[in-house]
1. Pick from 139, 134, 174, 189: which is touching a residue at least 24 places away in the same chain (Cβ under 8 Å) and either in contact with a Phe, Trp or Tyr (Cβ under 9 Å, 6 or more places away or on another chain) or of a type in the set (A, V, I, L, M, F, W, C) (or both)?
2. Kindly check whether there is at least one residue in the stretch 121-137 that is modelled with pLDDT of 90 or more, out of contact with any Leu (no Cβ under 7 Å at 6 or more places or on another chain), crowded, with 16+ Cβ neighbours inside 10 Å and on the phi > 0 side of the Ramachandran plot.
3. With the stretch 145-204 as the region, which strands (runs of 3 or more DSSP E) entirely inside it contain at least 3 residues that are over 18 Å from residue 40 (Cα atoms)?
4. When residue 83 is evaluated against the numbered criteria (1) more than 25 Å from residue 23 (Cβ to Cβ); (2) in a loop (DSSP other than H, G, I, E, B); (3) out of contact with any helix residue (DSSP H, G or I) (no Cβ under 6 Å at 6 or more places or on another chain), which criterion, by number, is the only one it fails?
5. Quick check: anything in the stretch 111-126 polar (S, T, N, Q), part of a strand (DSSP E or B) and touching a residue at least 60 places away in the same chain (Cβ under 8 Å)?
6. When only residues in the stretch 144-171 that are free of Cβ contacts under 8 Å to residues at least 40 places away in the same chain and of a type in the set (S, T, N, Q) count, which is surrounded by the fewest Cβ atoms within 10 Å (Cβ to Cβ)?
Amino acid sequence: MASAELNITALTTSGTLTWTNTYTNANYRIESAATPSGPWLPVNNLNLTQGPNNQVSVRIPSALTLPVSFYRVVWTDAPPAQPVGTWIYQGFDPTGALVVTGLVTITASNPVAGTCLFQALATNPPPAHPVGSGDFNSGALVSPNRLNIPLPTVAFLQNNVQLSGQMDLDEYWGYWSYIEFFINLDGQGWTVPVSGRFTARRQN
């Protein structure tokens with residue numbers, strides 16, 4: 001696990017969300033969305049001070065009643081991102097198992113552009129995480145420390161593939177996601193969001 005990573009550790013049935021961070025005295029905002037690709041909206045604006053052991057817990061009043069599937073914690077006062085460089089990447093499947101490793105090389109920051117290479121640790125069964133390589137040129141810093149990178153559909157044979165996460169110093173972490181399209185024999189179609197966690201560390 002990356003040393004400076006903000007990591008959600010629990011969301012209980014009572015709506016208590018818990019996360020850890022190596023930094024103390026940080027401020028956070030809780031956001032929710034129906035799919036990993038958003039849109040993400042604030043659930044509660046909270047200014048919290050880290051407790052003992054660098055762990056924070058907060059009760060989300062409506063966590064069990066809102067029609068949403070995903071929550072994230074935004075570190076609002078993290079240092080500004082410095083994305084240019086090569087990042088050693090690890091991608092996890094929806095169950096949390098490490099399934100992909102690779103490199104994300106960022107060569108420009110306005111807009112964010114570069115290349116990526118994702119390799120599966122095993123091919124049978126193939127991982128849900130996209131595998132392959134390609135160039136990207138439309139990434140964006142949506143806040144001083146939150147970076148979204150849309151990845152090329154042609155290269156990964158998936159729709160709306162993207163990395164979305166927070167970057168601090170030499171750490172970049174968040175979620176990969178895409179939309180899976182299905183159609184039955186009657187011609188009826190539907191979509192299913194697929195996502196998992198990723199971590200990346202700047203290569204020295």
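1. Numbers: 139 fails: either in contact with a Phe, Trp or Tyr (Cβ under 9 Å, 6 or more places away or on another chain) or of a type in the set (A, V, I, L, M, F, W, C) (or both); 134 fails: touching a residue at least 24 places away in the same chain (Cβ under 8 Å); 189 fails: touching a residue at least 24 places away in the same chain (Cβ under 8 Å).
From the options 139, 134, 174, 189, the qualifying one is 174.
2. yes
3. Correct list: 171-183, 189-202.
4. For residue 83, the failing item is (1).
5. From the stretch 111-126, those polar (S, T, N, Q) are 115, 119, 123-124; that's our starting set.
Subset that is part of a strand (DSSP E or B): 115, 119.
Still in the list and also touching a residue at least 60 places away in the same chain (Cβ under 8 Å): none.
Within the stretch 111-126, none of the residues are polar (S, T, N, Q), part of a strand (DSSP E or B) and touching a residue at least 60 places away in the same chain (Cβ under 8 Å).
6. Just the residues of the stretch 144-171 that are free of Cβ contacts under 8 Å to residues at least 40 places away in the same chain, to begin with: 148, 150-159, 161, 165.
Remaining after also requiring of a type in the set (S, T, N, Q): 148, 153, 158-159.
Working: 148: 18, 153: 14, 158: 21, 159: 11.
In this case the residue turns out to be 159.
The values are calculated or read from the model by the stated rules, or taken from the named source; none is laboratory data. Owing to the predicted nature of the structure, the values given are computational and were not obtained by experimental measurement. Cβ sites come from the backbone with ideal geometry, for glycine too, and all protein chains shown count toward neighbours.
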